[in-house]
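The values are calculated or read from the model by the stated rules, or taken from the named source; none is laboratory data. Remember, it's a predicted structure, so these values are computed and weren't measured experimentally. Note that we place each Cβ from the backbone using ideal geometry, even for glycine, and neighbour counts take in every protein chain shown. For accessibility, only protein heavy atoms count, side chains too; no ligands or nucleic acids. Shrake-Rupley method; radii C 1.70, N 1.55, O 1.52, S 1.80 Å.
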Amino acid sequence: MTEETLSNLLHEERTFPPSEEFAAQANGTRALYDRAQQDRLGFWAEQARELLHWDTDFTQTLDWSGAPFAKWFVGGELNACVNAVDRHVEAGHGDRVALHFVGEPGDTRDITYAELHDEVQRAANALLALGVQAGDRVAVYLPMIPEAAVAMLACARIGAPHSVVFGGFSSDALRARIADAEAKVVITADGGYRRGRPSALKPAVDAAVDGDSTVEHVLVVRRTGQDTHWTERDVWWHVALAEAPAQHEAQAFDAEHPLFILYTSGTTGKPKGIFHTTGGYLTQAAFTSRYVHDIHPETDVYWCTADVGWVTGHTYIVYGPMALGATQVMYEGTPDTPHQGRWWEIVQQHGVTIFYTAPTAIRACMKWGKEIPARFDLSSLRLLGSVGEPINPEAWVWYSEVIGGGRCPIVDTWWQTETGAIMVSPLPGVTATRPGSAQLAVPGISVDVIDEAGESVPDGSGGYLVVTEPWPAMLRGIWGDPERYWETYWSRYEGRYFAGDGAKKDTDGNIWVLGRVDDVMNVSGHRLSTTEIESALVSHPKVAEAAVVGATDAMTGQAVCAFVILRSEAVEEADEPGEGRELVQELRTHVSTQIGPIAKPRQILIVAELPKTRSGKIMRRLLRDVAEQRDVGDVTTLADSSVMDTIKAGMAQS
Ligand code: WTA
């Protein structure tokens, strides 16, 4: 983020106090902050006992003696699936709709908690029949269909950690994640509907498990009915569930039993398997769903537009809202299929009251124009949320006025795959909101903004966002790599978790998250590693070297821009008329097959040299200047200062 945007942001002084009407019904109160302040661990122990069903009560709230490896709710035993499903049925809410599913082609399905209960039991038995045992890993590669939630909950039910891989990732990316977690089973579908067409998923799984693989079986949901190649290891989901016993007695697991692994981009080429355990994660997921999203399960219709392939889908579709017994909307497709009002049509149809999405989506809707949402009745909405990237005040105000009709509080929620649940956010009904700022740590969470030396910065200054006390939903490590866990998050400032985000405190002490300070980009709220894309480019036979930067983009927050040096054989080819353009296309497709379409560079510039320091380090800062079409900054540390002129000349021509 440039200095200019930064200072613009900090001139934002508008505040929106909660209405009396909202405050009167809100779950959140100021007393929560006081109670947590007074006795943080006591507070979390109360929340855990109040929000969850424990088969065995815990004896110690936090064991931090093995820091940075935490144990929360020591000695406690529970089952995550029972907490999300069974207990609501037992409490007499079996007829309540858990999911209003809306398929992209327009098909709908309402699934009650009783039906969900039936499905998770059969799915758990089907997994057991395929030889999955507690502790075994299961990869999930599915579109946004109810079976995704059922698959995750069934894994949780039998204590088999799931590793959900976003359906937009390529077979190579899937293969690497399956191998790292040594998954025994993959749950996938024949395909899903995307932009009006069936889009196959199974072929990517076939390619990912062919040859040497830990995968013994592939369980396939029939969604599109398209022709699907079949092998001996494949089993249809509907057949396996029909054959499975209807009842499954859930066993309680230790609070620290692994619940899931979720891969996310880090600063190296290798994605990190962030893993979470059961009791602490579920406590904070349920806590924030109740107090930040203000879910009232009896009356609300909640909709989080994230895909289950990201952490937001894990915590704010599956575990948090379901732990409260909420009614949700789940939508399979894109916001503009078949028309740009699709989301608002769904809000109207289902009377959605709470809506949680990403700033990129809001900016896209802004571009399409306010006449589109104006065609629908959005008066059921009472609370809006934002997640994944900083929301600029303009988008915030548009969201508030056009979607929220000026009556809905907005919660701008900062958190990460690693934090497991929301960490910084206003509490609706309590906090006066400020557009563009995530504002304050939620009760029970302690964060700070510190400078290079690790000192807390005064109000009005910027630095790095850190978490200063362990929290229940914190990651318990990086799968198979405890050293990298310590190194990435805990080595920089002793005893504090380094989030990798820059932040600023305004003069009222509100936190403004400004974006990543490491080699991680945030494109449409999706985390991508510059190094990972560079490795993908370099793996192409025509590429000698590559540098990738995230350039500011008005729509997607950041966009991937690549600078590529070709191998000498390819240089001549690229010089032929028209060939350069074709090669760039070839490289973009290559990144897409290596990682997935989301990683495809917006722009690839073929260059003769890259700007490097005398020690050989690529100066990405200068490339970012070029990509953002700014004057190039200080070049005095470059080994060859003429390099930038050549690159700029090339950029002007491209
Ligand atoms: C960014 C998504 C500003 C941040 C839940 C973080 C945000 C990364 C916000 C985590 C927000 C998330 N304001 N930035 N409200 N929420 N981020 O792991 O850079 O996919 O480090 O988790 O997204 O992305 P992840």
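Please pick out the residue among V560, V543 that is more than 16 Å from the ligand (Cβ to nearest atom), among the aliphatic types (A, V, I, L, M) and open to solvent by less than 60 Å² (accessible area, probe 1.4 Å).
Selected residue: V543, the only one of V560, V543 that is more than 16 Å from the ligand (Cβ to nearest atom), among the aliphatic types (A, V, I, L, M) and open to solvent by less than 60 Å² (accessible area, probe 1.4 Å).
Give the number of residues within region 333-351 that are open to solvent by less than 10 Å² (accessible area, probe 1.4 Å) and within 22 Å of the chain's Cα centre (by Cα).
1
Restricting the search to region 593-617, which residues are open to solvent by 20 Å² or more (accessible area, probe 1.4 Å) and assigned to a helix (DSSP H, G or I)?
Hits for region 593-617 are T593, Q594, P597, I598.
If I filter region 449-474 down to residues being under 23 Å from the mean Cα position of the chain (by Cα) and outside any strand (DSSP E or B), which single residue comes out as nearest to S491 (Cα to Cα)?
The extreme case among them is T468.
Specify which of the listed residues (A160, A156, A124) is modelled with pLDDT of 95 or more and touching a Gly at 6+ places or on another chain (Cβ under 9 Å).
A160
Condition check: away from the ligand (no atom under 16 Å from the Cβ), buried (at least 17 other Cβ atoms within 10 Å of the Cβ) and part of a strand (DSSP E or B). Does Q328 satisfy that?
The answer is yes for Q328.
In the set G309, G385, G320, which member is touching a residue at least 40 places away in the same chain (Cβ under 8 Å), assigned to a helix (DSSP H, G or I), within 16 Å of the ligand (Cβ to nearest atom) and buried (at least 21 other Cβ atoms within 10 Å of the Cβ)?
Being touching a residue at least 40 places away in the same chain (Cβ under 8 Å), assigned to a helix (DSSP H, G or I), within 16 Å of the ligand (Cβ to nearest atom) and buried (at least 21 other Cβ atoms within 10 Å of the Cβ) holds for just one of G309, G385, G320, which is G320.
So is W398 touching a residue at least 24 places away in the same chain (Cβ under 8 Å) and touching a Pro at 6+ places or on another chain (Cβ under 9 Å) or not?
Spelling it out, it is not the case that W398 is touching a residue at least 24 places away in the same chain (Cβ under 8 Å) and touching a Pro at 6+ places or on another chain (Cβ under 9 Å).
Determine whether I450 is under 26 Å from A36 (Cα atoms), within 12 Å of the ligand (Cβ to nearest atom) and open to solvent by less than 20 Å² (accessible area, probe 1.4 Å). It would help to see each step written out before you state the result.
On the way: under 26 Å from A36 (Cα atoms): yes; within 12 Å of the ligand (Cβ to nearest atom): no; open to solvent by less than 20 Å² (accessible area, probe 1.4 Å): yes.
So I450 fails the test.
Mind checking which residues of region 471-523 are more than 14 Å from the ligand (Cβ to nearest atom), within 19 Å of G266 (Cβ to Cβ), touching a residue at least 60 places away in the same chain (Cβ under 8 Å) and open to solvent by 20 Å² or more (accessible area, probe 1.4 Å)?
W479, G480, D481, P482, R484, W486
What is the one condition in (1) surrounded by fewer than 24 Cβ atoms within 10 Å (Cβ to Cβ); (2) farther than 30 Å from I533 by Cα; (3) among the charged types (D, E, K, R) that D172 does not satisfy?
Every listed condition holds for D172 apart from (2).
Can you tell me which of V74, V89, V82 is open to solvent by 20 Å² or more (accessible area, probe 1.4 Å), over 30 Å from P335 (Cα atoms) and under 25 Å from the mean Cα position of the chain (by Cα)?
Only one candidate qualifies: V82.
Looking at region 48-69, which of its residues are open to solvent by 10 Å² or more (accessible area, probe 1.4 Å) and under 30 Å from Y493 (Cα atoms)?
Q60, T61, L62, D63, W64, S65, G66, A67, P68, F69, listed by residue number.
What's the number of the condition Q340 fails, among (1) in contact with a helix residue (DSSP H, G or I) (Cβ under 8 Å, 6 or more places away or on another chain); (2) more than 16 Å from the ligand (Cβ to nearest atom); (3) outside any loop (DSSP other than H, G, I, E, B)?
(3)
On the basis of being in a helix (DSSP H, G or I), more than 16 Å from the ligand (Cβ to nearest atom) and among the small types (G, A, S), does A364 make the cut?
Details: in a helix (DSSP H, G or I): yes; more than 16 Å from the ligand (Cβ to nearest atom): yes; among the small types (G, A, S): yes.
So A364 passes the test.
Taking the stated definitions as given, is Q629 surrounded by fewer than 12 Cβ atoms within 10 Å (Cβ to Cβ) and within 30 Å of V165 (Cα to Cα)?
no
What single numbered condition from (1) open to solvent by less than 10 Å² (accessible area, probe 1.4 Å); (2) within 16 Å of M322 (Cα to Cα); (3) outside any helix (DSSP H, G or I) fails to hold for D95?
Among (1) open to solvent by less than 10 Å² (accessible area, probe 1.4 Å); (2) within 16 Å of M322 (Cα to Cα); (3) outside any helix (DSSP H, G or I), D95 violates only (1).
Looking only at residues in region 388-429 that are polar (S, T, N, Q), modelled with pLDDT of 95 or more and within 15 Å of the ligand (Cβ to nearest atom), which one is farthest from G28 (Cα to Cα)?
My answer is T417.
Give me the residue from region 581-598 that is touching a strand residue (DSSP E or B) at 6+ places or on another chain (Cβ under 6 Å) and in contact (Cβ under 8 Å) with a residue 40 or more places away in the chain and, out of that set, farthest from A176 (Cα to Cα).
Residue satisfying both the conditions and the ranking: L587.
Looking only at region 413-433, count how many residues are aliphatic (A, V, I, L, M) and over 16 Å from the mean Cα position of the chain (by Cα).
3
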